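All of the numbers you see were taken from the coordinates with simple rules; none came from a lab. If you're wondering where the values come from, they're calculated on a predicted model, not measured in any experiment. Cβ coordinates were reconstructed from backbone atoms using ideal geometry, including for glycine residues, and neighbour counts include every protein chain displayed.
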Amino acid sequence: MDRCNETQEKIAAGQALSAEQQAHAAGCASCAAVVASYSLLDATLETFAPAMPEVPRGFADRVMGLVAREDLPVRAARWFERRPIQLVVANAAALCAVFNVAWFLVRVFVADVAMGGTP
Amino acid sequence: MDDEFLVRQILGGNREAFRLLVLRYQRPLFRFLGLLGFAQDAAEDLAQQTFLRVYRALGSFDPRQAKFSTWLFTIAKRLAANERQRAHHHREQPLGDVVPQQPPSTAADPAVTAERARRLSAAIAALPDALRTTFFLSQINELTLDEVAAVEGCALGTVKSRIHRAREQLRAALVEEET
């Protein structure tokens, strides 16, 4: 039954079946019925051609004509790649590290005094 | 030459490299817009706008975040959605004239084939927008399902589920009238 579910899910999703699943579908009435019902859709989709717009002749030239009037694009610096941002982040990290060390030392020192140690 | 290489060329000052990107993506882009129901003039206009928008924003394109094709179709999808909203549905072309190509092997009668194509067209037009867009994006060979998910801004599982539901609705519409 698991194999049927797996096979039928694939058929319904329009995915290609493995050789093993194809063999199974051919011999299983339930899967064969699903294959039949979706094969009509797939065949119709294959030949389905709504009045599609065509790429007009010279379309790329036209686009390039518009592009020629534009400035050359310039790679935008990512916010984290900007020098001032990097400086701020580095300084903040250093400050944080100094504060943590100081906080740690203060706590050790205060705990020592509280336990009767000599400051 | 892959897309990222061409983008680097353009950013380095080689404007002509953009022509290769246009030539590479113009056909799938027109196909996508056509499947969404845009007629020739509207599709041309939207495709042109898409490429121009892509060119202007090329400096902000980050290949570490998305593939170029994903980025391009995301822009096209947004422009198409804006255009559709602007047109307030009444100017929307619901996949008007349907021209069946070669008949499927199961149906020899061209009239039957044409009738099926007409029904399929109506069923596609009746799909909810989200299902239709996802389904059509999945029909474009340039995009994998992961990329469709990136364009749609949803999870891969959602894309699979939408394709599944779209196919089920289309299948039901065909089978229902066939019986």
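Summing Lys, Arg as +1 and Asp, Glu as -1, what charge do residues with Cβ under 11 Å from the Cβ of A:P73 carry, A:P73 excluded? Before the final figure, lay out the partial values.
Numbers: positive: A:R75, B:R15, B:R56; negative: A:E70, A:D71.
Summing Lys and Arg as +1 and Asp and Glu as -1 gives +1.
If I measure Cβ to Cβ between cysteines in the protein assembly as shown, which ones have no partner under 4.7 Å?
A:C4, A:C96, B:C154, each lacking another Cys Cβ under 4.7 Å.
At 0.36 nm per residue, and after removing the present C-alpha to C-alpha distance, how many nm does the segment from B:L52 to B:T144 gain when stretched out fully? Display every interim value, and only then the final one.
Details: separation 92, 0.36 × 92 = 33.12 nm, distance 2.45 nm.
So the chain would gain 30.7 nm between B:L52 and B:T144.
Among A:A33, B:A122, A:V101, which residue has its Cα positioned farthest towards the positive end of the charge dipole of the protein assembly as shown, with +1 placed on the Cβ of Lys and Arg, -1 on the Cβ of Asp and Glu, and the dipole taken about the Cα centre?
With unit charges placed on the Cβ atoms, the residue in question is A:V101.
Would you mind giving the mean number of other chain beta-carbons within 10 Å of the Cβ of each residue in A:33-45, as a whole number? Don't skip to the answer; put the middle values down first.
Numbers: counts 0, 1, 0, 2, 6, 6, 4, 9, 11, 3, 8, 15, 9.
Mean shielding by partner chains, rounded to a whole number: 6.
Show which lysines lie in cross-link reach of B:K77 when reach means a straight Cα distance below 25 angstrom and same-chain residues fewer than eight apart are skipped.
List returned: B:K67, B:K160.
Exposed loop sites here are trypsin sites (Lys or Arg not before Pro) in DSSP loop states with at most 13 other C-beta atoms within 10 Å. What is the longest stretch of chain B lacking them?
B:92-179
Across peptide B:46-54, how many C-beta atoms of other chains are within 10 Å of each residue C-beta, on average?
Numbers: counts 1, 5, 4, 1, 1, 7, 5, 0, 3.
Per residue, the number of nearby Cβ atoms from other chains is 3 on average.
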